[in-house]
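Accompanying notes for the structure given below.
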Amino acid sequence: MMPYALSFFSDLFAYDFMLKALGAGIVLGIIAPLIGSIVVVRRLSFIADTLGHFSLVGVSFSLFLSSLEVSIFFDEPLFFGLIFSVVGGLLIEMFRRSYKSYKEISMVIVISLGTALAAVFFSKAKATGSLYTYLFGSILTVTNYYMYALLAVTLLVVLLFVLFGRQIIALSFDETSAKFLGINVNIFQIIFMVVLSVVVSIMLEAAGVLLISSMMIIPVAAGMKLGWSYRSTLGIAILFSELSVFFGLWAAYSLKIPSGATIVSVNILILLIVALIKRIVLKRQIAKLAKQNVPDEL
Amino acid sequence: MQIDIHNLSFAYGHKSVIGGLSLTLNPGDYLVVRGKNGSGKTTFIKCLLGYNPVKTGMIFFDHEDINTFTKWMKFGYVSQKFEDFNYDYPITVNEMLSVYSLRRTNQSQRLKILDQLGILGIVNENVNNLSGGQLQRVFIARAMLNQPEVLILDEPTASIDKMNTEYFYQTVNSLHQTGITIILVTHNSDLGRLDLTHVLTMRQDMTYDFMTGDKFHTEEAE
């Protein structure tokens, strides 16, 4: 296994598909925690999971259309995934407004609807071989279309943060006070939801439906353990995210495992190491403080 | 900003909480709203801030009906126990204030407000590591950032100790001297040290006393 594992480095620059995978991974490694941090602050960590399930409706619908020999959007399930993810996002926002104190209800409704519809279309589609890819991710097989779409999504995310970053962060920390800043809360909620849905759909191929939320949330969770400010937390989260993309890609290529699984496994490993180190450091600090506070006469 | 309230009533479902409340405040007034728990103080503030829709009675801000009013940037609001903020995610005081100072303020103005409130030293502290008193002043700083005409403080001394409460009242007095209209909700009965111009007493039976500060102090003395 060792020589095969090492061949990752030589193959990285030898094959076009490897470079594409690495490029896509690096970009996703930045935008996933960037959007993920907002999702975490807003206490909506399950939202990416919900949107992922709903974008699976698009993928299954695309496969269903292919089996009817109807060809739309260059036969790329990605584009259908994108449309359905946005529809799912808007549905969540709609239900969220009806159940204001029970935000999670909106996600249960949308995730159930998404899973049910996806099952219906998959059962009626003839070729469902790629289902495995969409469930667990396959960054090593991304197409040129995917790279163009990723570029467009990255520009969208950058534009969102450059134009409205402050408003979105302010709104995420405190929705009730946002109106005193002249922010139209409803419009910003919808803008963020649409961008989040688009990011989720673009992560579908790389991370897989079941692991998208992990790639968004876990690096942020690890960053929160070490960060002392919003910027530092985000910076640490992006660093962890990039590390997990790189080592995840390595493991996916060397061991022939879906990339979503390997990237997320590295993410969790980093989180565990960070949590363990933090615990040890805290324990030592407490012991040191206790020692300093012991009265002299004892 | 002139605030006119005419015959305001509000109910949660069938439960009436406010019935027939009327008052007028002129720019620069300092109103203290007092009353026991359940007398409708917070409900009144929520009506004033547009969170509770006003269907019976009317509220006007500078003669503009609250239901069509959009210039909420003229208001600063500090809620009870600051519970609406999503804590735990690391964010420094400076970062927090910078995302909330969308217009008209810059870094030096932010630092000036923090200095005025006596919390310049914690500008780079993580908000999650602050004490109740420090947190309260950070939220007042946030409410002050966009230079509001009206500052509404809903029982902000509920979660802080006596010394910080004293400091808080001094701070509000000095903010009032800058010409801002203050509406302070409190269940604290000792109002002697406040520079108030008006007092609204709310009761559970939906009877209200609205009087000037002078009259209130005279009645208290008697």
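The values are calculated or read from the model by the stated rules, or taken from the named source; none is laboratory data. These numbers were taken from a predicted model, which means no experiment stands behind them. FYI the Cβ positions are ideal-geometry reconstructions off the backbone, even for glycines, and counts take in every protein chain you see.
Does A:Ser37 fit the bill of being within 14 Å of chain B (Cβ to nearest Cβ), surrounded by fewer than 24 Cβ atoms within 10 Å (Cβ to Cβ) and either without any contact (Cβ under 8 Å) to a residue 40 or more places away in the chain or closer than 26 Å to A:Ile187 by Cβ (or both)? So A:Ser37 fails the test.
Among residues of segment B:169-195 that are more than 16 Å from B:Asp214 (Cα to Cα) and of a type in the set (A, V, I, L, M, F, W, C), those with a Cβ under 7 angstrom from a residue that is modelled with pLDDT under 90 and outside any helix (DSSP H, G or I), sequence gap 6+ or separate chain, pair up as B:Val185/B:Asp154; B:Val185/B:Glu155. In a residue-by-residue description of segment A:56-73, the property of being aliphatic (A, V, I, L, M), closer than 18 Å to A:Gly260 by Cα, free of Cβ contacts under 8 Å to residues at least 24 places away in the same chain and part of a helix (DSSP H, G or I) applies to no position. Considering segment B:11-41, the residues that are aliphatic (A, V, I, L, M) and in contact with a Phe, Trp or Tyr (Cβ under 8 Å, 6 or more places away or on another chain) include one that is surrounded by the most Cβ atoms within 10 Å (Cβ to Cβ), namely B:Val33. Scanning segment B:126-149 for residues that are more than 9 Å from chain A (Cβ to nearest Cβ), in a loop (DSSP other than H, G, I, E, B) and modelled with pLDDT of 90 or more, we see that the one that is nearest to B:Tyr100 (Cα to Cα) is B:Glu149. Would segment A:133-141 turn up any residue that is closer than 19 Å to A:Ser214 by Cα, surrounded by fewer than 17 Cβ atoms within 10 Å (Cβ to Cβ) and aromatic (Phe, Trp, Tyr)? Taking every residue of segment A:133-141 in turn, none turns out to be closer than 19 Å to A:Ser214 by Cα, surrounded by fewer than 17 Cβ atoms within 10 Å (Cβ to Cβ) and aromatic (Phe, Trp, Tyr).
Residues that are within 13 Å of chain A (Cβ to nearest Cβ) and over 17 Å from the mean Cα position of the chain (by Cα): find the helices (runs of 4 or more DSSP H) completely inside segment B:23-116 holding 2 or more of those. Hits in segment B:23-116: B:93-100. Name the residues in segment A:211-242 that are more than 14 Å from A:Ile31 (Cα to Cα) and in a helix (DSSP H, G or I), would you? Correct list: A:Leu211, A:Ala221, A:Ala222, A:Gly223, A:Met224, A:Lys225, A:Leu226, A:Tyr230, A:Arg231, A:Ser232, A:Thr233.
Scanning segment B:135-168 for residues that are surrounded by fewer than 17 Cβ atoms within 10 Å (Cβ to Cβ), touching a residue at least 40 places away in the same chain (Cβ under 8 Å) and hydrophobic (A, V, I, L, M, F, W, C) gives a single hit, B:Ala158.
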